[in-house]
Every structure is written in structure tokens, then in C-alpha cells.
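The values are calculated or read from the model by the stated rules, or taken from the named source; none is laboratory data. Owing to the predicted nature of the structure, the values given are computational and were not obtained by experimental measurement. With ideal geometry, Cβ positions are generated from the backbone for all residues, glycine too; neighbour counts draw on all protein chains shown. Calculation scope for accessible area: heavy atoms of the full protein, side chains included, ligands and nucleic acids excluded. Shrake-Rupley method; radii C 1.70, N 1.55, O 1.52, S 1.80 Å.
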Amino acid sequence: MCGIVGYIGAKNCIPILIGGLKRLEYRGYDSAGIGILTDDSTKVIKSVGKVSVLQEKVDSLDLNANIGIGHTRWATHGVPNEINAHPHMNADGSLLLIHNGIIENYEVLKETLKHFGYEFRSETDTEVLTMLIDSFLKKGHDLLNAVRAALSEVEGTYGIAVIYKEEPDKIVVAKKGSPLVIGIGDNENYIASDVSALVAHTQQVVYLEDGEVAEVYCDKFIAKDVSDKEIEKEVKEITLKLDEISKSGYAHFMLKEIMEQPESICNAMRGRLLLGEGTSKLGGLEDYIDRIVQSKRIIISACGTSWHAGLVGEYMLEQFAEIPTEVEYASEFRYRNPLIYPDDTIIFISQSGETADTLAALKESKRKGALVIGICNVVGSSIARESSTGIYIHAGPEIGVASTKAFTAQLTVLSLLTLLIARKKRMSLVDGQNIVKEIESLPEKIEKILSLDSKIEKIADQFKDAKNFLYLGRGYNFPVALEGALKLKEISYIHAEGYPAAEMKHGPIALIDKDMPVVFLAPKDSTYDKILSNIQEVKARHGRIIAVASESDNRIDKLVDYTIKIPDTIRMLMPILTVVPLQLLAYHIAVKKGLNVDQPRNLAKSVTVE
Ligand code: F6R
């Protein structure tokens, strides 16, 4: 979703802003803009479409400035066009503002401002906030106090950065619900919504918390809390490296991230498995484990792919940890006043750690007294910081909008958590040790699946023109069917549905004919024979079948059109393997359709609005 970048120092800010915006492209956006402050004036340049279009415009102008802000916009209020793109400015152009988030009461504020003679050019909520700040500047406030006064009238979420011609030595930033980071340089400072925009320049960062504002000068920053008290902020070191956020020779980030999975799940389990004791060690949970083990119920809440990971977690936790587990869409959970008891443990799963619905559901659960565990990828993200405790998945930066390596790392961490609880309960040492060994063998097995890439690419060739797809699986592989369908629809724009295979007879079977490809997840497990019956039913209706099956299976080939054979593992870990061919299938179909795999239309990497 929208991205923010800014610079103040001795260098020309233009290449820094454009470079930062390019690093933020992965978040998803539809227009971009920069605003700069030179000796005597401000200048704003905007464009619709890619940052490269903005760059061409900017390059043709030969600009130079030591302070500036830049923004990528993902349209919420008003279509993607130059007028609605950020920065927005006041009437005389002295004040420039960029904003992530949503101002919920913007219509009321706009009407009031109109009453006082303000005119609006755009359809955005952000322009309203700009004019509101301007109205406080006109009343004699300095920039910081005008921003604070305006924000006190605002309902909604924001990460903002503001520059003002009359106070050219600073950028004022504020945060509530949308991330905002200050990057500390040597006599220069940066601001961004995401550390990936800063990593080329500095490793030292300061995260603003909700309600905080800061004045960022070239040689210092002053942060204040809601009560206007100056606060000492901790400077943190980011471990992110530049090569982790480049494609490293791959055609797309998504392909790189699929191929990285042997390594990313190694990182997710590194130092956390204890073979001798047949259990796992999760540092963050040490102080809470007794309470978790005694939970009467576990609730897992998340969105999208992370929600699918939660569904697999439900199977794992109920089977081995023997704790009733429910999985909730965060967007539903947060609004229905859920019943939460003191002996509940609530797990929030989020790759980005910034998903607005998940974050809001977490805050509500905390408010109701639950123990809240965050499973996140992005270190220092809002969900990671707001949780009572947590487990990082250590998958490394995920740049492709379609989540791949985060999903398998989430499942790996959920298996470690399950093992930890199960061993504190009734699981035997031998069973625990067997699970440890199986988890440790996953990277090698994923390597084997990845070596089928060219075979899967050939299968993709046969299906790239399909209009619909069905994905079917049972038990642990039902959530994988959902995930496979999600991957395909989000990057190839082919309509796809995932179902528990047995549900097919209750409706979807009506769709099956020779034009309906059906992907079956059919590894040899206790549901195998039932899956074979479902395959027969599809075959009898001339559906085209792709099956993800066990290496050792030589019955299935005769029944289906294409098989993708994968190594065996225990049932609870099977989704970590079965999902990989589905990721590759979706990837190759989208590439063959000539689509933008890493930045699919309308999607954002980090959904920071409801
Ligand atoms: C799908 C995808 C999304 C995210 C969802 C939650 O490929 O990426 O469905 O899984 O927006 O995002 P996080 O995990 O960052 O909370």
C-alpha cells in the first residue's frame, strides 16, 4: 500500500527519493509523487503509474534540493490520477504533505473547511488534512503545533510527513496506525514507512509509536508523545541487507522467494529444535509457556495467506497439542465483539506485521486481557511490537506481493509451537524426536520439489488459457487448496476456488466439464483412498486433472492428466511440501500470460487500511 520516503541533509534529495520510492514499489501502488523545498519555493512532481514514469519527468527538470518527501499512492479516496496523487499542498503551495492511512471523518472536516473558504482540487482525505494543518498555521501555530492540532481533530489512521516553506530546516512526521521510521545518518536524516527504503543509506533507525510526532532536522530529531512531552527514543540497528531486497538474477522476486524456501525454512527452525529432548525451544515463549499449555482454547487470527497458515495450525494444534483451536479472519474477529476468556491464548499471524485488521484485532484482544502471541516476519513491525510475546519466522524480506516463503516459514514455526506444547503434554519422546527429524528434513525435500520447476512450467503451458480452476484437498491439505487457489487468482487473474475435496459433491461438481482444470492434493495419507474416489468423479465428467502426489504412488498416474510427485513426510508437515508446486504453477501461468507477477493489479503487499 502507500509508501513514504523523505530526506533532509546536504545531498541532493532527488535520487534518494526516487531510489526510496523504487524500493517501496513492491508494496503496491498506482501513482507516485515527490515534493521538494528549494531556497525560495516548493515544487511538486507527480505521475500516474510506475515510479520510472515519475523519474523520467523528474530527470527532465534537472532539480536539486536538500529536503524533500516522496510517496507511492494506492488509491482509496478518488481514482489514481495526478491530482489525487501525493504530495498535497495548501493554496499557496508553501505546505506539502504525504499520508498513508485513512482519515475517516474527512467529509465533516472538508465541509467545515469549505465554510471557511478552503477550496479543494482532489477527492482525497489527505488534501483535507493538508488544509486543516494550513488552517492552524494561519492561526499562528508553528508547523509542529499546527500538525498536532490538526491531528487532534482527525479520526482514522495516518503516517504523515510534512514540509513547510517557512520552516525549511525540518520534516515533521507523525504516526497512528501506519508505520513511520526515522533513519539516522551522519548530518543527514531520512524518513520512511518501511526500512527497505532506508537500507541503502543507513542501518540506524527509530520507530515512531502511535500518537508520537517528531521534528526531523538534518543533525537531530525531536520526538514527542501525545501529551507533548519530549521522549527519548531508542535507536535500533536493522539487519536487513541490500542484496536481500534485490532479485539476485531471478526474473521476479516471487520466483526468487519460492526458490529460497529451503533456506528460509532453515532460518525459521535454526537453533530452535532439540533432537535429544524431542522438542523445540522458542525463546520468546519461555516466560509464558505454562500459561499457553494450560489454555482452554487457542484462537488464531490473520488475513489472506497468513489465515491459511492459521488453518493448518488449527489441524496441528488440535491433533498434537490437544487444545481446541479456532481460526478467525481478523477483519471479522475485530468487529463482532468476540468472547475472549482469561485462559485463551490468541495467536496473530502476519508476514508484514502491519495488516490493519490483524493489528486492530490484536489490540482488542489485549484490551480484553488475552495472552497475545505474534507470529511475524518483519522485525520491529507494529504487530510484533504490540504482542505480549512472539515468534519471528525469519523468512527474510518478502518483496513479491504474493506471499510464498512467508507461508512455509509460518507453517514451520507453527509446527515448532505445536511440538513445544505437545511435548509438555502427552506426546512421547520418540514421537517428538520423529517430528524433529521430519522438520529437519524439509529443506532437502523442498529442494527436490523445486527441481521439478521445468516440468511444472510445461504443465502451466497447457493451462494458461483456462478461465477457472478448482483446487481440492482434504485434512491438512484443505488449507493448501485454498492457498493454491489464492496464489493463482492474485497473480494470473484466473478465477480459482479451493474446497475440501468432499465438499465437491455438494455444489462445485456442477462446474466440472472438459474446460475445468482441477488440482488435487493427493499425497499418500489416511485420506488418500477418498481423494482417489473424488478424482474418479471429476474424471467421469471429463475434468482435466493435475495431481500433487507422493513419489511412491504409481496408481495415480493412470487416473489423472498430469502428476507432480513430491517426497513424503508426516501429515502435519505435508502442507509445507504440497504448497510449493502450487506456487510454481501459479507463477508460471502468470508469466506465460505476460502479467506483472510481483505487482499484480489492485493488490498491496501490506494492507494498512481496513
Ligand atoms: C496473498 C497475500 C495476502 C496476505 C494478507 C495478510 O499472497 O500476500 O493475502 O497474506 O494480506 O498479510 P500479512 O501476512 O502481512 O498480515
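Only one of (1) free of Cβ contacts under 8 Å to residues at least 60 places away in the same chain; (2) open to solvent by 10 Å² or more (accessible area, probe 1.4 Å) fails for ALA547. Which number is that?
(2)
Collect the residues in the stretch 380-409 that are aromatic (Phe, Trp, Tyr) and within 11 Å of the ligand (Cβ to nearest atom), keeping them in residue-number order.
PHE407
Counting only residues that are over 14 Å from VAL401 (Cβ atoms) and part of a loop (DSSP other than H, G, I, E, B), how many does the stretch 588-607 have?
Of the residues in that region, 2 qualify.
Search the stretch 275-307 for residues being within 27 Å of the chain's Cα centre (by Cα), aliphatic (A, V, I, L, M) and more than 23 Å from ALA356 (Cα to Cα), and hand back the single one that is farthest from the ligand (Cβ to nearest atom).
Ranking the qualifying residues of the stretch 275-307, first place goes to ILE292.
Of the residues that sit in the stretch 308-318 and are open to solvent by 10 Å² or more (accessible area, probe 1.4 Å) and out of contact with any Phe, Trp or Tyr (no Cβ under 6 Å at 6 or more places or on another chain), which one is farthest from the ligand (Cβ to nearest atom)?
Per the criteria, the residue is GLU318.
Run down ALA360, ALA370, ALA321, ALA356 and say which single residue is near the ligand (Cβ under 10 Å from one of its atoms) and either among the hydrophobic types (A, V, I, L, M, F, W, C) or open to solvent by 10 Å² or more (accessible area, probe 1.4 Å) (or both).
ALA356 is the lone residue from the list that is near the ligand (Cβ under 10 Å from one of its atoms) and either among the hydrophobic types (A, V, I, L, M, F, W, C) or open to solvent by 10 Å² or more (accessible area, probe 1.4 Å) (or both).
Could you run through the stretch 477-501 and say how many residues are open to solvent by 10 Å² or more (accessible area, probe 1.4 Å), in a helix (DSSP H, G or I) and touching a helix residue (DSSP H, G or I) at 6+ places or on another chain (Cβ under 7 Å)?
Result for the stretch 477-501: 2.
Which of the residues spanning the stretch 38-83 are in a loop (DSSP other than H, G, I, E, B), closer than 25 Å to LYS605 by Cβ and of a type in the set (A, V, I, L, M)?
ALA75, VAL79
For the stretch 571-598, what are the residues that are within 12 Å of the ligand (Cβ to nearest atom) and at pLDDT below 95?
Those that are within 12 Å of the ligand (Cβ to nearest atom) and at pLDDT below 95: VAL597, ASP598.
Considering only helices (runs of 4 or more DSSP H) fully contained in the stretch 198-305, which possess at least 2 residues that are among the small types (Gly, Ala, Ser)?
It comes to 261-269.
Tell me whether the stretch 106-117 contains one or more residues that are within 23 Å of GLY211 (Cα to Cα) and open to solvent by 70 Å² or more (accessible area, probe 1.4 Å).
Yes: the stretch 106-117 contains one or more residues that are within 23 Å of GLY211 (Cα to Cα) and open to solvent by 70 Å² or more (accessible area, probe 1.4 Å).
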